[in-house]
Amino acid sequence: MTLRAKAILYLVLIHLVFAAIAVFVLLKNRVWLLAVEAVLLVSVLAGIKLLSNLFGPLELIRAGTQFLKETDFGTRFREVGQPEMDELVRVYNQMADGLREERIRAREQHHFLEKIIKASPSAIITFDFDERIAMVNPAAERLLQTHAAELAGKKLAELPHPLTEALGSLAVGEARVIPLQGRRRLKCQKSYFLERGFPCSFILLEELTEELRRSEKAAYEKLIRMMSHEINNSIGASGSLLESCLNYKEQLREADRPDFETALTVARSRLNHLDSFTRSFVDVIRLPQPELRACDLRELLEDIAFLMKPECERRRIRWAWEVREALEPVAMDKNQMEQVFVNVLKNAVEAIGENGTITIRLGKKAGRGYVTVEDTGCGISAEVRANLFTPFFSTKKNGQGLGLTVVQEILTRHHFDFSLEALPGQPTQFSIYF
């Protein structure tokens, strides 16, 4: 029984008691009895009316609580002319309006955030309380090469992707650059957000490959220009002095003349070698824009293979061809792409050393032509793999570290995608996609 029903019942009972007493006392005086009964009836009705007014705010509170429980913030109460009730009505209406506006604002922000996450070029992966994947945006789907529906509810360790091991080792608040597929670099950062008061983590992955390439290119171009300027000035002046000194050899004694001439000739030869060495660096930053013409890729590779045939025979290296699908002529700068393939194939020969196989595969993937050069060398260590395509980095004793830098520059200017996959003890594969 409600408090209101109890109060009315109490009011009715006490008036019934008074009515019974009035009947007992005024039974012989009918006029006074009727008057007292009328007064008691009016008192009961007035008491019920007063109780209704008193319990009105409680009813309002009950109805308002029900609306809040049902998250119905659109219902409003009207003022009834009673100051106490009207004040409560105004407070409730203001609160409901505020909650409704806050909910609309939260929905708009959620919708806006959802749109940003979906349109973001950065890959975003969010996790639930158990570190299982809750959401991935389209960029993360492309990066992991898996649909969001297949990723939801899984842990990173359960995904068959080479990137997941590195992502799983990230600590909250940690940022790290992770190498992926040869030249690609990803900046990965793990952080957290609050959901229902509990912390949940997320990972943001940003592709840094092109940004790092431009930064590295600007740095080494500046270095090469400064270096070549200073060296050329020195070479020019020193060469001129050496030529002038040679003119004085006739003034020397016959016994000293050969040593003098030999010393100056050796010095001049070293200057020429230094000039050639410097020009190899300058050629990296002076690559012309490619002149695109249709080129038969198989024919180009066969010409290079014929050029390298004597060296491969000496090293007992066998060539294998796997043409999975014939390729149409590809628009490219033949001279520049020849430089790319010569560089890649020379690296393959040096990686094998002796007694091995170079396999060249041609075909199509997803409608795009590709060529893969695979060697049976010893693979590449993780430390070296992390520095591939880094300017001036070389594992060769007298290497300049510019071979893959030139390859990268030429392929980038052609807008050809490429990758270098080389795990220790496994075949090395260099692939170009046209």
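One table, with the values for the structure above:
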quantity: Among the candidates Thr146, Thr126, residue that is without any contact (Cβ under 8 Å) to a residue 60 or more places away in the chain and either at positive phi or not hydrophobic (A, V, I, L, M, F, W, C) (or both); calculated: Thr146
quantity: Pick from segment 348-358, criterion without any contact (Cβ under 8 Å) to a residue 60 or more places away in the chain and crowded, with 18+ Cβ neighbours inside 10 Å, ranking: farthest from the chain's Cα centre (by Cα); calculated: Gly356
quantity: Matching option when the condition is among the basic types (Lys, Arg), in contact with a Ser or Thr (Cβ under 6 Å, 6 or more places away or on another chain) and either modelled with pLDDT of 80 or more or farther than 30 Å from Ile360 by Cα (or both), among Arg268, Arg298, Arg257, Arg318; calculated: Arg318
quantity: Restricting segment 221-253 to residues that are modelled with pLDDT of 70 or more and not in a helix (DSSP H, G or I), the residue that is farthest from the chain's Cα centre (by Cα); calculated: Arg253
quantity: Ala139 farther than 25 Å from Ala366 by Cβ and not assigned by TED's automatic domain parsing to the domain that holds Glu421; calculated: no
quantity: Residue that is modelled with the lowest pLDDT, among those in segment 72-98 that are surrounded by fewer than 10 Cβ atoms within 10 Å (Cβ to Cβ) and not in a helix (DSSP H, G or I); calculated: Gly81
quantity: Verdict on Ser201 being at negative phi, small (Gly, Ala, Ser) and either modelled with pLDDT under 70 or surrounded by 15 or more Cβ atoms within 10 Å (Cβ to Cβ) (or both); calculated: yes
quantity: Residue match in segment 342-350 (condition: modelled with pLDDT of 85 or more and over 20 Å from Gln429 (Cβ atoms)); calculated: no
quantity: Pro121 vs. criteria closer than 23 Å to Glu206 by Cβ and surrounded by fewer than 11 Cβ atoms within 10 Å (Cβ to Cβ); calculated: yes
quantity: For Ala326: the one exception among (1) modelled with pLDDT under 85; (2) surrounded by 15 or more Cβ atoms within 10 Å (Cβ to Cβ); calculated: (2)
quantity: Candidates Glu101, Glu141 - the one that is at pLDDT 80 or above and loosely packed, with under 13 Cβ neighbours inside 10 Å; calculated: Glu101
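The values are calculated or read from the model by the stated rules, or taken from the named source; none is laboratory data. On a predicted model such as this, the values are computed, not experimentally measured, just so you know. Here the Cβ is made from the backbone with ideal geometry for all residues, glycine too, and neighbour counts use every protein chain on show.
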